[in-house]
Structure formats: C-alpha cells, structure tokens
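Peer 1: Dumping the structure here so I can ask a few things about it.
Just so it is clear, none of the values below were taken in a lab; they were calculated from the coordinates. These figures come from a predicted structure and were not determined experimentally. Note: ideal-geometry Cβ built from the backbone for every residue, glycine included; neighbour counts use all protein chains shown.
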Amino acid sequence: MVYRPSWFKDDAIMVSTAPTCGLTKGGRLLPLVNASTGQRVQTEDPETGELVDAVDDRLAIDMDALRAGTTTPTLRFVARDDVSLRAAVPTFYDRRFDDAFDDAIRTVEFEEFESRSIGELLSEGYLTVRHGHGSPTQSVRVGTVPYIKVSDLRAGLVNINPTNRVPHSIAEGFWKAKTSGLQPWDLLSPARTSKNIGDFCVLLPGQEEVVTTKEILVLRPGPNANFDPFYLIWAMTLNIVRNQWNRVVFMQTNREDVGDRYKEIRIPIPKARVVGERVSEPFRSYYRQLADARGGLRKFLNTSEDHHFFLGTSDEAELEDVENDQALTSPIID
C-alpha cells in the first residue's frame, strides 16, 4: 500500500513557489540577508551554541508549513484540473500578483476603470500586437538603418546603438516592405531575454525606420481603443500590472521567454477616454517634450558641418558602394 501523507489530496496539487532552497548556484549554503541593512542574519548553532550565518531556505519553510497543515505566501494547493503539463512551472500557478491586481481594481482609486486581459483587448480591437522583424547577422551590420536588440530597450526608451546598422536593402528584406511598419509612440518590450520582459519602452518620432529583433513585442492601441499610447505606457508601468509578468515568464533553454502567455496579463481600462487622458498626462508631457528636444537637436546637427551625431534615423547618406555590395552578398537570418 502506497503511503499517503496527511496533506495529500486527490483533487489538488501542492505547489511551492519558494524562491530559495538554501543553496547558491555553486552549491554553497545561501546566507540569509536582512533586506533593510544588507547584513547577514545570525542564528545560534543548536550543537555548539555559537552564532553562525542563518540559511535562506524558503523551500524548507514551505515544507514545514505543509506538514503542520498551514500555508505561506509561496505555498498553495491548485485544483488538479487547472494544472497542465504544458505549463508545469510552479510560478505559473502563483496567484499573488493576480490577487493584488484584483484587490486594487476594487478600490476607490480605480473606480473609473475596468479590468481586461491583453488577450481580451486584442480580440475586442482595443490593442494590436506584432513581433519584431528578424535578426541580421553580424556580417551585414555595415549600413545606415539601426538594428534594435532587446538590450537596446532600457528605461522607457529605445536606445539606438550606432554600431548596429544594416543597409536599407537588407532592412527591406526583414521588413518585407519598403518601410518598417512601426509608428511613433509604439510600445516595445522584450519577449525573450533576461529579467526585463514586460518593461515597455516608447518608440519616439524619427525612430520608426529600424529593424527590430524578432524577440520583441510591439503593442499599439487598436481601432476600438478609448485610450492613446501614453495611457498604455501608464498602465503597463503600474506595479499591479508589471508584477504579473513574474508569473507568465518561463525559462527556455538559457533565456527567459513569455510565449503567448503575455495575453493573460490584465490591465485597467478607463471607462471614458477623458479618464485615461487625465491619469496619463505626465507620461504624455514627458515623451512629447523629449521628442521635441530630440527634433530640435537633429535640426541643428543637420545644418552643422562641424558635428556628427547619431540620433537613430536612417536618413544618413548611404555608405560607399563597395561596402553595400559586400553587405548584399552576405547571408542573413530571418
């Protein structure tokens, strides 16, 4: 007869999302650190009575709670029918961030908003989404059109790297058109990277004609939206929204990946457009003033013979024909 622990349930599965198990990546004991002071926590050794470093083992705490019939913030039972082997990752069933969103959306602060998932917004025409264009090889990065990698998306902005550019003809191959299909104020986020999936950045005017790696998500208000891109960046940067990405990002081989699970992320949607415009005004003012400042500097640089500065446009003169010929004969990866 198979032994059945007292906590065992036929219709539910125990899931622990404990972030630590007492060991470092190198196999050494993981010390417990006080988050306020940054100092290691000391505890008394039960055998010698001496003070030693406490071990950060949240998994052991969860297992002790399981045996005692209690719960912790990282220990819960999930209905068996709700668990899929296609998503057999503990964090996927951690509902703390979803519960925090539900609690917030019921407060007075959000009484003028409704809750929608990204998937629902896509099906209802409130949002459009696309992935990036592709990934040119290093050998063809000798042109004038900026190539945007996930590492170029930082602190709410798309940062152009002047050393990563491809010829316009190569760019058109990845665009599958004469232009990129991107628009000013599009929201870009890594979809496969390390630690910053869900950190959205805004594409400023003048940055549209770029090649983006396929590992990027591009969001834009849809035809039925009652909000603009500035509201969208306001909503995506709310803690109650950003924290939800912790549940849907999985590790794939050596990098984190969100797949289509990003469609489960829920955001507040204004019941009236004026509400969205009011709360997002600081974002609207910031990005518009930033775009105006960049435009003024670009105008100065275009009329100055003494300066060369790269602001992320592809309107510079083409390189020498010999360089273009070399680039066109180089392989590309789509």
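Peer 1: Using 0.36 nm per residue, how much length does the chain from Thr20 to Leu51 gain when fully extended, once their Cα-Cα distance is taken away?
Peer 2: On the way: separation 31, 0.36 × 31 = 11.16 nm, distance 2.19 nm.
The Thr20-Leu51 span can extend by a further 9.0 nm.
Peer 1: Taking the Cα centre of the stretch 119-276 as origin, sum charge times position over the Cβ atoms of Lys and Arg (+1) and Asp and Glu (-1), and report the length of that vector in debye to the nearest 20.
Peer 2: Values: 19 positive and 14 negative charges, 39 e Å.
Once rounded to the nearest 20, the dipole reads 180 debye.
Peer 1: Taking neighbour counts of Cβ atoms within 10 Å as a proxy for exposure, in what order, fewest first, do Asp11, Asp98 appear? Don't skip to the answer; put the middle values down first.
Peer 2: Details: Asp11 8, Asp98 16.
Ascending Cβ contact count within 10 Å gives the list Asp11, Asp98.
Peer 1: Also: I'd like the FRET efficiency for Lys195 and Val78, computed as 1/(1 + (r/R0)^6) with the beta carbon distance as r and R0 of 45 Å, rounded to 0.05. Show your work: numbers first, answer last.
Peer 2: Values: r = 26 Å, r/R0 = 0.57.
FRET efficiency, Lys195 to Val78: 0.95.
Peer 1: Using a Gaussian network for the chain with springs between C-alpha atoms less than 10 Å apart, which of these wobbles most: Val210, Val145, Val129?
Peer 2: Comparing Val210, Val145, Val129 in the GNM, the peak value goes to Val129.
Peer 1: In a GNM of the chain with a 10 Å cut-off on Cα contacts, which of Val52, Val158, Val211 has the highest mean-square fluctuation?
Peer 2: Val52
Peer 1: Report the residue, chosen from Glu124, Glu305, Glu209, that carries the largest GNM mean-square fluctuation when the chain is represented by alpha-carbon nodes joined by springs under 10 Å.
Peer 2: Greatest mean-square fluctuation among the candidates belongs to Glu305.
Peer 1: State whether the stretch 96-285 is rounded, prolate or oblate according to the following rule on the C-alpha gyration tensor (a ≥ b ≥ c being the square roots of its eigenvalues): a/c under 1.5 gives rounded; otherwise a/b larger than b/c gives prolate, and the remaining case gives oblate.
Peer 2: prolate
Peer 1: Which of these values of mean projected area of the Cα convex hull in nm² was calculated from the structure shown: [x] 17.0; [y] 25.6; [z] 15.4?
Peer 2: The value computed from this structure is option [y].
Peer 1: Once Lys and Arg get +1 and Asp and Glu get -1 on their Cβ, which of Pro270, Gly125, Tyr3 lies farthest toward the positive end of the dipole of the chain?
Peer 2: Tyr3
Peer 1: Taking K and R as +1 and D and E as -1, what net charge do the other residues with C-beta under 11 Å from the C-beta of Asn159 add up to? Walk me through the numbers before you get to the answer.
Peer 2: Details: positive: Lys149, Arg154; negative: Asp152.
Result for the neighbourhood of Asn159: +1.
Peer 1: A follow-up question, please. Checking the table Lys9/Lys195; Lys178/Lys214; Lys149/Lys178; Lys149/Lys271; Lys149/Lys299; Lys271/Lys299 against a 29 Å threshold on Cα-Cα, which pairs fail?
Peer 2: Details: Lys9/Lys195 35 Å; Lys178/Lys214 18 Å; Lys149/Lys178 21 Å; Lys149/Lys271 36 Å; Lys149/Lys299 27 Å; Lys271/Lys299 40 Å.
As for pairs spanning more than 29 Å Cα to Cα, those are Lys9/Lys195; Lys149/Lys271; Lys271/Lys299.
Peer 1: Moving on to the next point. Name the residue from Val15, Thr43, Pro282 whose Cα lies farthest towards the positive end of the charge dipole of the chain, charges +1 on Cβ of Lys and Arg and -1 on Cβ of Asp and Glu.
Peer 2: Highest projection toward the positive end goes to Val15.
Peer 1: Classify the stretch 1-122: rounded, prolate or oblate, from the alpha-carbon gyration tensor (a ≥ b ≥ c, eigenvalue square roots; a/c under 1.5 rounded; otherwise prolate if a/b is larger than b/c)? Show your work: numbers first, answer last.
Peer 2: On the way: a/c = 2.40, a/b = 1.42, b/c = 1.68.
Cα axes put the stretch 1-122 in the oblate bin.
Peer 1: Right, another one. Placing +1 at every Lys and Arg Cβ and -1 at every Asp and Glu Cβ, with all other atoms neutral, what dipole size does the chain have around its Cα centre, in debye to the nearest 20? Please report the intermediate quantities before stating the final value.
Peer 2: Working: 39 positive and 49 negative charges, 99 e Å.
Approximately 480 debye in magnitude.
Peer 1: Separate question: Please arrange Leu121, Leu85 by how many other C-beta atoms lie within 10 Å of their C-beta, fewest to most.
Peer 2: Details: Leu121 24, Leu85 5.
Starting with the residue having the fewest Cβ neighbours, the order is Leu85, Leu121.
Peer 1: For His168, His131, His307, which order do you get if you count the other beta carbons within 10 Å of each Cβ and list the fewest first?
Peer 2: Numbers: His168 17, His131 14, His307 10.
Ordered from fewest to most neighbouring Cβ atoms within 10 Å, His168, His131, His307 come out as His307, His131, His168.
Peer 1: Once R0 is set to 51 Å, what does the formula 1/(1 + (r/R0)^6) return for the Cβ-Cβ distance between Glu305 and Gln39, expressed as a FRET efficiency to the nearest 0.05? List each step's numbers first, then the result.
Peer 2: Numbers: r = 58 Å, r/R0 = 1.13.
So, using R0 = 51 Å, E works out to roughly 0.30.
Peer 1: Could you calculate the FRET efficiency of Val129 with Asn226 from 1/(1 + (r/R0)^6), where r is the beta carbon distance between them and R0 is 25 Å, rounded to 0.05?
Peer 2: 0.90
Peer 1: Now a separate question. With +1 on the Cβ of every Lys and Arg and -1 on the Cβ of every Asp and Glu, and nothing else charged, how large is the dipole of the stretch 14-108 about its Cα centre, in debye rounded to the nearest 20? Write out the running numbers ahead of the final one.
Peer 2: Working: 11 positive and 16 negative charges, 83 e Å.
The dipole of the stretch 14-108 has a size of about 400 debye.
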